[in-house]
Amino acid sequence: MRSKLRVFTVVAIVALATYTGVMLSEHGRNASYVYEDFYAETNLSDLIVSDVEQPRSNFTRLCDSHSDWNCESRLTLQGQTYHSSTDENKWIQSLWHGMEHGEVSGLYLIEGSLTPGDGEIVIDAHAAEGLNYKIGDQIRTIAGNGTNELTIIGIANSPMHLWYAAEGTLFPSNDGYVVGYLDAEYLASIAGFDPLTRNEMHIDMPGTPSFDLSETLDVDEGEELTISRLELVDEMRSLDMEGDVVDRSGMTSPELLRIDLEGAKKSSPFILTVLLLVSGLMIAISISRLVKSHSREIAVLRTIGASGKDIMTGYLLIPLFLGIPGVVIGILLGVSPIGSQLMTEFYFDFFGIPVVIVRHYPDLLLKIGLGSIALISLFGIRPALRASRLQPLDILNRTSQKPPSRIMVKITSSLPPGPSLAIRSTFRNPSRLFATLVMLSLSMVIMGGTMMMTASFEELFNETMDEQENWDSQAYMWPTNAGEIESWAQQNASDYELLIRSSGNATDDPRVFTIYGLENIVSDESAMHRFNVVKGKIPVIGQNPPQVLIDEGMASELDWDVSDRVKISQGSAEIEVEVTGIVRELERTMVFYRTDYSSIVGWDANGIRLTFDEGQQLDDEVRSLTSVVITKKDLLSGFNEVLKQQEKAMKSTYMIGAIMAVAILFNTLMMNLAERDNELATLRVLGASIKDLAIILTIEHAFIGLVGGIAGVATSILMFQGMASAFSTWQFFMPVTIDQFVALKVLLFIFIASLATTPFGMWRIRKMDLLDVVSRHQN
Amino acid sequence: MSIVELKGISRIYGDGDTEVRALDNVDLTIKSGEIVALLGPSGSGKTTLLNIIAALDTPTAGNYSFIGNDVDLGNVGKMTDFRKKNIGYIFQFFNLVGDLTALENTMLVQDLSGKRDKKYALELLERVGLKGLEDRFPSQMSGGQRQRVAIARALSSRPKMMLGDELTGNLDSETSIQVLETLIEICRKEGMTVLFVTHDRSLTKYATRVLQLESGKIIGDEIGGLSTISGQVETVAKDVISGAKKIAGKILEFADEVIG
């Protein structure tokens, strides 16, 4: 039965590894196709030109010399939507797309119509789902001047908003953000502009040209597109347009989804390899044990003339016998409804992406299957070689096991024989102990690494979105409206702080960061936004060059440090600044004193942070003067929703690692029992009670658990560091902060799992046939 | 005084066509201090009988009492406790723990009984002729030395009865004699009862009683060689003492006459 259980464990682990591999790999390919199909269907633009609001003709003339381009100008404005529900009435941050024909970066119809007229709007499917909007519903909106009642005539998805996160946050939130699609001329009119005012142009080029990936700074994957982009920028400058041109790497939703998919694609072969390494090691240990228990038979076979090759062949086939059923079961599970289909559906359900076609890919299955079997087979070579090299006389003359090492004897000599035996037998087979630790470490690479990543992620967001923020609402407006809003704040808010927010980039690097000009820059609770200074110090106001803080992501990505004097581009201006401190922030951020920065941009403020007394909030009149209003409550509720979803997804990853670890410890226990049944039975005959043996077994497994736990924590930390570095991008930088509580949880998990296997061991010992075991062994 | 009393002990393995009657209604009484050799061909039931006396196996029928108390052979915990308190067991294949030294192996049983006595363990190792080898591991010893460690281990908790299953079966004849002599000598000095299973008739000379089993039944119960030799020695000794007393009397009488 013990052998059957061991075989079952090994086959189950191979199956789990293959199942996970199939699930992740097929999901990766399915996701690629989902995006490609969707972008093709909706004709996602290759380039987007954006600038301040101006006549449509300024944009369309950029396409005059490109007859093969399909160009469509657009007016995109920030706004707000009033939402009334049984729970609360609130204004929700919104974005309005004023579209012309919808041929470039078009919409995918879910319900209703895609051609809104005056007073009509097509609502993004995410918002319709999150806020329960139906065709025919009336919604109250703010877009520029005053409020407007609009009728929903359609529900649709846009390739620009599959990752449904409002500006200023990375977190998708279906009920905290409204995106609507209106007729361009109508939107311009209600916003107080000339009907032909636009601020964007979406360009579709022939085919789907490659674009430069943001993560590879040294290589330009889309040279052709870069040339077109730079030509457009030159043309804009010659026409006195100060805006920018971005390719798909500069479009938030497509870029975040691409990065996310790239991460999944990169991690799936890694996870599969880790799981297969564990399976392979387990098989190698099992074969080694088999060779040991067969050693006398091998000696007899060698004595009667069997060659080393004859012996080796049999053992080389074992990984195939164990691996093939495991791989087949894993593939069948992977293509079953609980395989890649479940994962892809869960994943796209989370993002709310409408068309999800799940396919299975024979080439991928073949690659995973054969690759898995090949990798596992490698682990049979060493034990098979050892079996083939066994010399008959050595085996037949071997009458007893080797004594423990001198060091081990020295360490344990002062202990009573029971505990001494427990510790010595733990280290009796150092290579197996090492393999067990390696396997546990590998399983913790998945479980512990992910747990640390999640904890760090939560910690980062809690800190940057909650603990550091002491405002209730923040609003952004035209600089010209700042004075009026400040007057309102003086009368109605308990406290406020004007700020400037804009964007810039390093002069030698195109990646854009957010620039803040703040009244107060402090690291204590007295500020609306508390800075967590990880290096350096707070800047001094009025210096030349101006002193600034930068966030640690920027410091890492741009290789900037405290005391560096660096040059940045802000609009068409080039500014030199001195970095005095590095702070922890969610987005790539540079922070000036407002007075320093206002002299650069030429205006005083375009944002305000406010705190209110109980029951107070921004009224409708003030809202109509703002373009974006963010409340901390909504921001946190969106974040918590994402966290919940993420935890669900992560739990399955934890489970894989946890199952692997338990299987490894269980296999170790089974090996231990198989190898020591004679010894344990002897102790029973000599009068050791089950309790006495339980103590010995518990000490052994506690030791394995402790050492395994420490190894697990160490590899979890290494994995987390690797993951943090691999997942860190310009948009999302993950600082490496080790959560000691998570490290303790990883250690305790292995320790407890190791101890939890001992009752099974005791059950096996209780069922042991003492008479049979004692009489058939020689020691 | 009897130490072991078996009444109507039967042990049947399997059922129907596969039924094997290893012991068939065995009655046996062993007195305290006896050294009993259990002889018989393979499959005669000698190991089964030994295992039942050691409380390692449960009989299908019959009663077993040890020093007048019934032994509960239906309860694993009580059987273990009984072995720990009363039985010293020596295996054919020594069954030493390879990770422990000779001394640690000897003390292992003491630890299980909660009676740690290093001095006694060292004394036992000296008595079995292993002085100076206390820190050796089983793999560093010969077969005979290992079995001596096994004897010391079995004795270390001062059991009331020693049981040996083919305890010399894995040793050459010269070593077998040495090992058995060592065991018998110590057990006699300690007044311990011994029951050892052997298929080697020549070893019965070390027993005071020889039981012969066949097909699960005791078919012979004889006085052993050791009993005969010791009887002769006793008679000679008695004669010598009696003669000495007579001579001494005569000397005293002569002295009285001379003095008087």
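The values are calculated or read from the model by the stated rules, or taken from the named source; none is laboratory data. Quick caveat: nothing in here was measured; it's all calculated off a predicted structure. Don't worry about glycine lacking a Cβ; one is built from the backbone with ideal geometry, like all the others, and counts go over all protein chains shown. What goes into the accessible areas is simple: the full protein's heavy atoms, side chains included, and nothing from ligands, DNA or RNA. Shrake-Rupley method; radii C 1.70, N 1.55, O 1.52, S 1.80 Å.
Please report, ordered by residue number, the strands (runs of 3 or more DSSP E) entirely within segment A:518-602 with at least 1 residues that are open to solvent by less than 10 Å² (accessible area, probe 1.4 Å).
Strands (runs of 3 or more DSSP E) meeting the threshold: A:547-551, A:565-570, A:573-583, A:589-593.
Would you mind listing the strands (runs of 3 or more DSSP E) fully within segment B:1-83 where at least 2 residues are surrounded by fewer than 15 Cβ atoms within 10 Å (Cβ to Cβ)?
In segment B:1-83, the matching strands (runs of 3 or more DSSP E) lie at B:2-13, B:20-31, B:61-66.
Going through segment B:77-89 one residue at a time, which ones are more than 7 Å from chain A (Cβ to nearest Cβ) and in contact with a Phe, Trp or Tyr (Cβ under 8 Å, 6 or more places away or on another chain)?
Passing the criteria: B:PHE82, B:ASN86.
Among the listed residues B:ASN63, B:ASN51, B:ASN69, B:ASN25, which satisfies the condition of being of a type outside the set (Ser, Thr, Tyr) and within 14 Å of another protein chain (Cβ to nearest Cβ)?
The conditions single out B:ASN51.
Tell me which strands (runs of 3 or more DSSP E) are completely within segment A:139-243 and hold 2 or more residues being in contact with a Phe, Trp or Tyr (Cβ under 9 Å, 6 or more places away or on another chain) and more than 23 Å from A:VAL104 (Cβ to Cβ), or say none if there are none.
Hits in segment A:139-243: A:147-157.
When segment A:501-516 is examined, which residues are found to be in a strand (DSSP E or B) and surrounded by fewer than 16 Cβ atoms within 10 Å (Cβ to Cβ)?
A:SER503
From the list A:ILE353, A:ILE373, A:ILE357, pick out the single residue that is at pLDDT 90 or above, open to solvent by less than 90 Å² (accessible area, probe 1.4 Å) and either touching a Leu at 6+ places or on another chain (Cβ under 7 Å) or among the aliphatic types (A, V, I, L, M) (or both).
A:ILE373
Within segment A:274-381, considering only helices (runs of 4 or more DSSP H) that don't extend past its boundaries, which have at least 3 residues that are within 24 Å of the chain's Cα centre (by Cα) and touching a residue at least 12 places away in the same chain (Cβ under 8 Å)?
Per the criteria, A:340-351.
Check every one of the helices (runs of 4 or more DSSP H) wholly within segment A:677-779 and list those with 1 or more residues that are within 14 Å of another protein chain (Cβ to nearest Cβ).
A:690-727, A:758-767, A:770-775
Output the residue which, of all residues in segment B:90-115 that are outside any strand (DSSP E or B), more than 7 Å from chain A (Cβ to nearest Cβ) and at pLDDT 85 or above, is farthest from B:GLY169 (Cα to Cα).
B:GLN110
I want to confirm something. Restricting to segment A:290-306 and keeping residues that are surrounded by fewer than 20 Cβ atoms within 10 Å (Cβ to Cβ) and of a type in the set (D, E, K, R), which single residue is nearest to A:SER372 (Cα to Cα)?
Selected residue: A:LYS292.
Of all residues in segment B:85-96 being crowded, with 20+ Cβ neighbours inside 10 Å and not polar (S, T, N, Q), which is farthest from B:PRO138 (Cα to Cα)?
Selected residue: B:ILE87.
For A:ARG398, are the conditions met, namely being at pLDDT below 85, loosely packed, with under 13 Cβ neighbours inside 10 Å and within 14 Å of chain B (Cβ to nearest Cβ)?
no
Inspect all residues belonging to segment A:306-314 and state whether any of them is among the acidic types (Asp, Glu) and within 30 Å of A:ASN505 (Cβ to Cβ).
no
Could you run through segment A:319-346 and say how many residues are over 19 Å from A:ILE110 (Cβ atoms) and open to solvent by 10 Å² or more (accessible area, probe 1.4 Å)?
The total comes to 18.
Counting just the residues of segment A:728-746 that are open to solvent by 40 Å² or more (accessible area, probe 1.4 Å) and of a type in the set (A, V, I, L, M, F, W, C), which one comes out nearest to A:ARG248 (Cα to Cα)?
Checking each candidate, the answer is A:VAL736.
From the residues in segment A:148-165 that are farther than 17 Å from A:GLY98 by Cβ and out of contact with any Pro (no Cβ under 9 Å at 6 or more places or on another chain), which one is most open to solvent (accessible area, probe 1.4 Å)?
Of everything passing the filter in segment A:148-165, A:GLU149 is most open to solvent (accessible area, probe 1.4 Å).
Which one is most open to solvent (accessible area, probe 1.4 Å) among residues in segment B:116-155 that are within 8 Å of chain A (Cβ to nearest Cβ) and farther than 17 Å from A:GLU679 by Cβ?
Checking each candidate, the answer is B:ARG116.
Being at pLDDT below 90, small (Gly, Ala, Ser) and in contact with a helix residue (DSSP H, G or I) (Cβ under 9 Å, 6 or more places away or on another chain): is that true of A:SER526 here?
Spelling it out, it is not the case that A:SER526 is at pLDDT below 90, small (Gly, Ala, Ser) and in contact with a helix residue (DSSP H, G or I) (Cβ under 9 Å, 6 or more places away or on another chain).
Scan segment A:166-185 for residues that are under 17 Å from A:SER113 (Cα atoms) and either touching a helix residue (DSSP H, G or I) at 6+ places or on another chain (Cβ under 6 Å) or open to solvent by 30 Å² or more (accessible area, probe 1.4 Å) (or both) and jot them down.
A:VAL179, A:ASP183
Can you name the residue in segment A:423-472 that is touching a His at 6+ places or on another chain (Cβ under 9 Å) and not acidic (Asp, Glu) and is also most open to solvent (accessible area, probe 1.4 Å) among such residues?
Per the stated criteria, the residue is A:ASN470.
Select from segment A:638-662 the residues that are more than 20 Å from the chain's Cα centre (by Cα) and surrounded by fewer than 22 Cβ atoms within 10 Å (Cβ to Cβ) and list them in ascending order.
A:ILE659, A:VAL662
Please verify whether B:LEU103 is open to solvent by less than 40 Å² (accessible area, probe 1.4 Å) and within 19 Å of A:SER420 (Cα to Cα), treating the condition exactly as stated.
Spelling it out, B:LEU103 is indeed open to solvent by less than 40 Å² (accessible area, probe 1.4 Å) and within 19 Å of A:SER420 (Cα to Cα).
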